[in-house]
């Protein structure tokens, strides 16, 4: 019996090594706040804005010039991410539930406020540094 146990243990170790190991920390997952936190993205990284419950998550995002930003609509209503400043440097157009679009952060550093053109009370800010 002993060689079988060793073989089973060795197989389990090999499987664990091949598949990796994750740890979730055991605690509850934090729930997103209604105020939608801010976030930063490393240079030229692809980052995301998720629209859910009529809120941009994050509502304030700091990125480097030219960063690709994926916008995902997880609401049942259509939404946009439309810059409100001079020249409106980005606009996703209408995104229905489950749709996504990619926008590119402006190349000029600055603060770029945006709204949902369907629901103008939804507001966010993209900061380019």
Taking 54-62, 74-82, 102-110 and ranking on average Cβ neighbours within 10 Å, highest first, one gets 54-62, 74-82, 102-110
Rounded to the nearest 0.05, FRET efficiency between residue 77 and residue 104 (Cβ-Cβ, R0 22 Å) equals 0.30
When all Cα-Cα pair distances of the stretch 35-128 are considered, the percent exceeding 20 Å is 24 percent
For residue 97 and residue 121, extending 7 Å from Cα along the Cα-Cβ vector and measuring point to point gives, in nm, a value of 2.1 nm
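None of the figures in this text is laboratory data; all of them are computed from the coordinates on show. Computed from a predicted model, the values in this text were never measured in an experiment. So basically every Cβ, Gly included, is an ideal-geometry build from the backbone, and we count neighbours across all protein chains shown.
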